[in-house]
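Chemist: Structure in structure tokens, see below.
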Amino acid sequence: MSKESFLKNRIKSVGFALRGALLLIRTEASIKIQVFITLVMTGAGFYFQISNTEWILQLLTIAMILGIEGLNTAIEKVADYVQPEFDEKIGFIKDVSAGAVMLVSIAATIIGFIIYLPKIF
């Protein structure tokens, strides 16, 4: 059995990751909303000509939200697979996962206000 090269393995990994991102965007309503908000905020960044530092903060914030939202979806799917019936412990896990998304979203909103409110007013 021959081992594939490091480069081939990395290319395959990127392919799996891209497939996962596309599945997430195609199948999850919450991600569709987040992608729409991402496009709006990117447009706002160009419109208001935000600084490089503001772009970095905005991009990191967007990446955090999309990443945490993806992890939340994965946790929910695994939880539903492991225990399709209602289970209090699974409910706790899913609530905590959704809570993480909410905390990141609150922080993202605050960052958005810090960047854009001075430019609007």
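Chemist: Report, to the nearest 10°, how far helix 29-47 tilts away from the longest principal axis of the Cα atoms in the chain, using its own Cα long axis and a range of 0 to 90°.
Modeler: Helix 29-47 and the main axis of the chain meet at about 30 degrees.
Chemist: Sequence gap at least 6, Cα distance under 8 Å: using those rules, report the relative contact order of segment 6-120 to the nearest whole percent.
Modeler: So the answer I get is 28 percent.
Chemist: How far is helix 88-120 tilted, in degrees, relative to the longest principal axis of the Cα atoms in the chain, given as a value from 0 to 90 rounded to the nearest 10?
Modeler: 20
Chemist: Starting from segment 76-121, pick out the GluC sites (Glu not before Pro) whose DSSP state is loop and whose Cβ has at most 11 other Cβ atoms within 10 Å.
Modeler: Glu85
Chemist: Continuing with the same structure: What label, among (1) 59, 33, 28; (2) 60, 45, 21; (3) 83, 36, 22, belongs to Cα extents along the principal axes in Å computed from the structure on display?
Modeler: Evaluating Cα extents along the principal axes in Å on these atoms matches (2).
Chemist: Given the pairs Lys8/Lys94; Lys12/Lys32; Lys77/Lys119, which span a C-alpha to C-alpha distance of over 31 angstrom in this model?
Modeler: Lys8/Lys94; Lys77/Lys119
Chemist: Using only Cα atoms and rounding to the nearest 10 degrees, what angle (0 to 90) does helix 52-82 make with the longest principal axis of the chain?
Modeler: That works out to roughly 30 degrees.
Read-outs throughout are calculated quantities, based only on the coordinates presented, and are distinct from any laboratory measurement. Worth saying up front: this structure is predicted, and the values here are computed from it rather than measured. Cβ: placed from backbone, ideal geometry, glycine included. Neighbour counts: every protein chain shown.
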